[in-house]
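Undergrad: Following this message is one structure expressed as structure tokens.
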Amino acid sequence: MNIAFSRHRLANGLDVLLHEDHTCPIVAVNIWYHVGSKNERPGHTGFAHLFEHLMFEGSQHHDRGYFHPLQGAGASLNGSTNADRTNYWEVVPSGALELALWMESDRMGFLLPALTEAKFANQRDVVLNERRQNYENRPYGLASMALLAALYPPDHPYHWTTIGEIADLEAVRLDEVRAFFQRYYHPANASLALAGDIDPEAALALVRACFEEIPAGPRVDPVRASASLEAETRLLLEDRVELPRLYITWLTPAMFADGDAELDLAADVLANGKTSRLYRRLVFDERIATDVSASQNSREIGSFLQLAATAAPGHALAELERAMFEEIARLTADGPTDEEIERGRIQAESQFMFRLQTVGGFGGKSDQLNTYNVFVGDPGYFDRDLARYRAATAASVRQAIERHLSPGRRVTLSMVPRGRTELAIPDSTPAVVS
């Protein structure tokens, strides 16, 4: 599982990771900035995601759209933002590596001279429209906003979604986003991975030529925060949906922390695939749900595990809740079977291998090198990451469930068709979503 790489740090603090793979004549260029929505603050949200858009709009020495020259050279490219990081990647023919590096360096070092009020206003409107499409106007789209707001206190950096609050986006000024860029989008807060058809020495020389003149920015201190649930919170949202859906969410250990892998396996046992416990009972046997899912949403400073199930026609959410907690109680009492643990390990190993099938894109070798470099400070963390799953046992999974999935410390959200509040879990209060 080890991926051969070399690591270098430029004088300005930029980490450079190089992986040589001559299987195909392509190179993945993958850059991570250690900034996400958790680096924002109440009343000033959505900045990191807004910059994901603005950084495709041109920089000082290429003040035009970012896609055209790279796609013209045969590249594929994209970017994304989440709570903990922002990444951009290109997969280019080997001969276009210098072009990709030059363009990445220009928007890192020279974005602000090309950032006009018109570009800013245009992309803010694009983000607001994206929010309408993905949240307000999408069935069940407001669930994540309601759950995060209930799981975390208002001043916690995970209290809001990555796309930001409408009022904050409408109120933000250009000078605020400029200051945000200067603080976070610089070499000392970035990690660059190149994977593919490269000569490491020549590739490093290209990186130095493109990036080394960019000044190191200010030191970015780690974000520290904590959250806890001391009781159950029951919430209700009415939506334009046909069937009610139940969400049950708990706070869980941070990414790579003790218990994170065990709860990942627990989510698999509960609701990953048609042989999982909740699918068999709710969907196949009793037919009280049309679907069910579970996920351990691992994040840098704290995670959450979420169960979700959509009620079948004629059934209320209380039926689903009762069956779900009976299965959790059974799993807590008896633990998973050896067969379930082994299936979970195989799935984890398969996901590892799937992510390493390509050199670039979301989840390729370059992306994984940056993941480990940014979050644990070791790009070669592959074996130790997988070892967490191989070391998990039925007893350790049972203990993690018992410790973290308490019925008395959770957030329960009922999403029901408008005017059908009787389908919700009893004693639910209306959720406030902004």
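Undergrad: Return a yes/no flag: does region 350-360 have any residue that is among the polar types (S, T, N, Q), over 26 Å from residue 248 (Cα atoms) and not in a helix (DSSP H, G or I).
TA: yes
Undergrad: When the residues of region 242-301 are narrowed to those that are under 24 Å from residue 225 (Cβ atoms) and hydroxyl-bearing (Ser, Thr, Tyr), which ends up farthest from the chain's Cα centre (by Cα)?
TA: Looking at residues that are under 24 Å from residue 225 (Cβ atoms) and hydroxyl-bearing (Ser, Thr, Tyr), I get 247.
Undergrad: Right, here's the next one. Residues being in contact with a Leu (Cβ under 7 Å, 6 or more places away or on another chain) and more than 17 Å from residue 197 (Cβ to Cβ): count how many of those fall in region 78-95.
TA: Of the residues in that region, 0 qualify.
Undergrad: Kindly provide the set of residues from region 4-54 that are over 16 Å from residue 365 (Cα atoms), out of contact with any strand residue (DSSP E or B) (no Cβ under 7 Å at 6 or more places or on another chain) and assigned to a loop (DSSP other than H, G, I, E, B), ordered by number.
TA: 11, 12, 13, 34, 40, 42, 43, 45, 46
Undergrad: Also, I was wondering about something else. Are there any pairs with C-beta distances below 8 angstrom linking a residue in region 163-177 that is touching a residue at least 12 places away in the same chain (Cβ under 8 Å) to a residue that is open to solvent by 60 Å² or more (accessible area, probe 1.4 Å) and assigned to a helix (DSSP H, G or I), with the two at least 6 apart or on different chains, and if so which?
TA: 174/117
Undergrad: While we're looking at this one, here's another question. Can you spot a residue in region 15-32 that is open to solvent by 30 Å² or more (accessible area, probe 1.4 Å) and among the β-branched types (Val, Ile, Thr)?
TA: Within region 15-32, one or more residues are open to solvent by 30 Å² or more (accessible area, probe 1.4 Å) and among the β-branched types (Val, Ile, Thr).
Undergrad: Among the numbered criteria (1) hydrophobic (A, V, I, L, M, F, W, C); (2) open to solvent by less than 10 Å² (accessible area, probe 1.4 Å); (3) farther than 20 Å from residue 254 by Cβ; (4) outside any helix (DSSP H, G or I), which one does residue 320 miss?
TA: In the conditions (1) hydrophobic (A, V, I, L, M, F, W, C); (2) open to solvent by less than 10 Å² (accessible area, probe 1.4 Å); (3) farther than 20 Å from residue 254 by Cβ; (4) outside any helix (DSSP H, G or I), residue 320 misses (4) alone.
Undergrad: Examine region 405-419 for a residue that is more than 22 Å from residue 231 (Cβ to Cβ) and open to solvent by less than 10 Å² (accessible area, probe 1.4 Å), and state whether such a residue exists.
TA: Checked region 405-419: at least one residue is more than 22 Å from residue 231 (Cβ to Cβ) and open to solvent by less than 10 Å² (accessible area, probe 1.4 Å).
Undergrad: Can you run down the residue pairs with Cβ atoms below 6 Å, 6 or more apart or on separate chains, where the first is in region 316-338 and within 13 Å of residue 280 (Cβ to Cβ) and the partner is of a type in the set (Lys, Arg) and open to solvent by less than 30 Å² (accessible area, probe 1.4 Å)?
TA: Correct list of pairs: 327/277.
Undergrad: Which members of region 72-112 meet the condition of being open to solvent by 10 Å² or more (accessible area, probe 1.4 Å), in a loop (DSSP other than H, G, I, E, B), touching a Gly at 6+ places or on another chain (Cβ under 6 Å) and not charged (D, E, K, R)?
TA: Within region 72-112, just 82 meets the criteria.
Undergrad: Could you list, in sequence order, all residues of region 373-383 that are outside any loop (DSSP other than H, G, I, E, B), at pLDDT 95 or above and surrounded by fewer than 22 Cβ atoms within 10 Å (Cβ to Cβ)?
TA: Correct list: 374, 375, 376.
Undergrad: Where in region 113-194 are the helices (runs of 4 or more DSSP H), entirely inside, with at least 1 residues that are exposed (fewer than 13 other Cβ atoms within 10 Å of the Cβ)?
TA: 117-131, 166-171, 174-184
The values are calculated or read from the model by the stated rules, or taken from the named source; none is laboratory data. As the structure is a prediction and not an experimental result, all values here were calculated from the model. Virtual Cβ from ideal backbone geometry, glycine too; neighbours counted across all protein chains shown. Protein only, heavy atoms only, side chains kept; ligands, DNA and RNA dropped before computing areas. Shrake-Rupley method; radii C 1.70, N 1.55, O 1.52, S 1.80 Å.
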